[in-house]
Amino acid sequence: MFEPVLKPEPAPPPSNRVIPSLAVLASPERMTALTTCCAEFSDLSGLSASDIILRHGGGLVLVEQGVDGYDQVILTLAVERPNTAVIVVSDQLPGHMVRALMKLDASDILPVSAGIEEVIDAAEQLRETQSVQGAGAASRCWAFRGAVGGAGVSTLAIESAFALARKVGPGKVCLVDLNVADGMITSFLEAVPKLDLYALADAPDRLDQRLLAAWCWQHADGVSLIAAPRNPDADLLAGEPAILRLLDVACSAFEYVLVDMPRHMMPWTKPILSAVDEAIIVSELTVPSLHAAADMCREADALRGDRGTSKLVLNRMFPKKRFRAEFAVDKAEQAIEREIHTTIASDWDAARTAVNLGKPVADVKPRSQLVLDVQKFVDRLLPEDAVASAEQPLARRRAK
């Protein structure tokens, strides 16, 4: 009887140095070797070029010549996300690929015989180049989706965007309304819907930051809004290439992109939920809403893999003295076997006044419990390094 031959585990790099984050499209042997030196390793096999750009554009990517799709990834990154650092493993790279690499802000070519230490050296040098050029900080994208209709998703997305802008400063936050058929954000803010969905659907590849700027409406409080005029036939225009391209360019232009998504499934729903930094499921504290939210969270978690679990938010919560047939949050968590990330208080009078005036609630009633809850929610979602960097400009503004 033959005993199975076990393959030895790849040895870690002798220096014990680690690459913080690396997305790889390479041969299986090289992929296995690189997993030992990466704190965060992403396998790009099977992903389209647009998915790779949406998920890893602006970061560090390694591709190996000869692997299916390597050339398309390089060409697309050179055109759409030139701030991405790219390492190419090749002994004889074609001239047009070299020209594409020259369009990137940071790139390197390693021979096929390169070992792990050489990859780490190249990665560290490219990280330093990105840091000097200020191009390495990828944007953060949060997606809001309602478990049931009327859960207040648009209001929560609006208030989160403005709370974020108050923290990080004007011009850094973009709110994208993907309820293209019947979105309400422009009505809530008395905004102008400037997104030309017909032009976007006709030629997604033509969208760049300059055209995106023409489709953005700017609020006086420093939040940019991208929304299309309401159109019952818009869902037919909003195909996956168009919407993913829109978000990709928005993420290249803004540090924070918040997306108000429709509850019904669209061709781009799953790709977005799988790629965003935070998938936020909004529900109310009712039995039907909670069951729907739990199901939606599980579906999103299956799509996201190692990108982190979705966040369940209970919106429109009443003060305890007004509880009638409602039940406690801990009981709700036990019923659906899932943690509730945040609760947002209801303030119907303030919310109604705000939409009638075309303002966020914070401009109408700054001390509303709704406003305070949203601010806590935003603070919890922001990484510590983002909170620290956000406090610096605020401190400078107070000092003036």
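The values are calculated or read from the model by the stated rules, or taken from the named source; none is laboratory data. Please read all numbers here as calculations on a predicted model, not as lab measurements. Using ideal geometry, Cβ is built from the backbone for each residue, glycine included, and neighbour counts are taken over all protein chains shown. Accessible surface areas use protein heavy atoms only, side chains included; no ligands, DNA or RNA. Shrake-Rupley method; radii C 1.70, N 1.55, O 1.52, S 1.80 Å.
List of remarks:
- Number of positions in segment 33-68 that are more than 22 Å from residue 240 (Cα to Cα) and in a helix (DSSP H, G or I): 5
- For segment 214-248, a residue qualifies if it is within 21 Å of residue 54 (Cβ to Cβ) and without any contact (Cβ under 8 Å) to a residue 24 or more places away in the chain, and exactly one does: 215.
- Residue 107 vs. criteria open to solvent by 20 Å² or more (accessible area, probe 1.4 Å), assigned to a loop (DSSP other than H, G, I, E, B), among the small types (Gly, Ala, Ser) and touching a helix residue (DSSP H, G or I) at 6+ places or on another chain (Cβ under 9 Å): no
- Hits in segment 245-271 (condition: open to solvent by 10 Å² or more (accessible area, probe 1.4 Å) and closer than 22 Å to residue 44 by Cβ): 245, 251, 252, 267, 270, 271
- The one condition in (1) closer than 30 Å to residue 198 by Cβ; (2) open to solvent by less than 30 Å² (accessible area, probe 1.4 Å); (3) in a loop (DSSP other than H, G, I, E, B) that residue 114 fails to fulfil: (1)
- Checked against (1) at pLDDT 90 or above; (2) farther than 26 Å from residue 205 by Cα; (3) among the charged types (D, E, K, R), residue 68 meets all criteria but (2).
- In segment 142-178, residue surrounded by the most Cβ atoms within 10 Å (Cβ to Cβ) [restricted to those that are part of a strand (DSSP E or B) and either modelled with pLDDT under 95 or of a type in the set (A, V, I, L, M) (or both)]: 175
- Of the helices (runs of 4 or more DSSP H) that lie entirely inside segment 192-266, those containing 1 or more residues that are at pLDDT below 90, touching a helix residue (DSSP H, G or I) at 6+ places or on another chain (Cβ under 7 Å) and not aromatic (Phe, Trp, Tyr) span 209-214, 234-237, 240-253.
- Taking the criterion of being within 12 Å of residue 262 (Cβ to Cβ) and in contact with a Phe, Trp or Tyr (Cβ under 7 Å, 6 or more places away or on another chain), the residues of segment 142-156 that qualify are 153, 154.
- One residue from 274, 289, 346, 310 being in contact with a Phe, Trp or Tyr (Cβ under 9 Å, 6 or more places away or on another chain), of a type in the set (Ser, Thr, Tyr) and open to solvent by less than 80 Å² (accessible area, probe 1.4 Å): 346
Each row is one residue, and each column tells you yes or no for (1) within 14 Å of residue 159 (Cα to Cα); (2) part of a helix (DSSP H, G or I); (3) open to solvent by less than 20 Å² (accessible area, probe 1.4 Å); (4) modelled with pLDDT of 85 or more.
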| position | (1), (2), (3), (4) |
| --- | --- |
| 325 | no, no, no, no |
| 340 | no, no, yes, yes |
| 352 | yes, yes, no, yes |
| 367 | yes, no, no, yes |
| 374 | yes, yes, yes, yes |
| 378 | yes, yes, yes, yes |
| 386 | no, yes, yes, no |
| 394 | no, yes, no, no |
| 397 | no, yes, no, no |
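- Among residues of segment 170-182 that are within 9 Å of residue 258 (Cα to Cα), those with a Cβ under 6 angstrom from a residue that is part of a loop (DSSP other than H, G, I, E, B), sequence gap 6+ or separate chain, pair up as 174/254; 177/183; 177/227.
- Residue 313 fulfils the conditions (1) of a type outside the set (Phe, Trp, Tyr); (2) more than 20 Å from residue 221 (Cα to Cα); (3) at pLDDT below 95 except for a single criterion, (3).
- One residue from 78, 33 being modelled with pLDDT of 90 or more, open to solvent by less than 60 Å² (accessible area, probe 1.4 Å) and small (Gly, Ala, Ser): 33
- Taken as a whole, the structure places residue 130 among residues that are at pLDDT below 90, under 24 Å from residue 33 (Cβ atoms) and crowded, with 19+ Cβ neighbours inside 10 Å.
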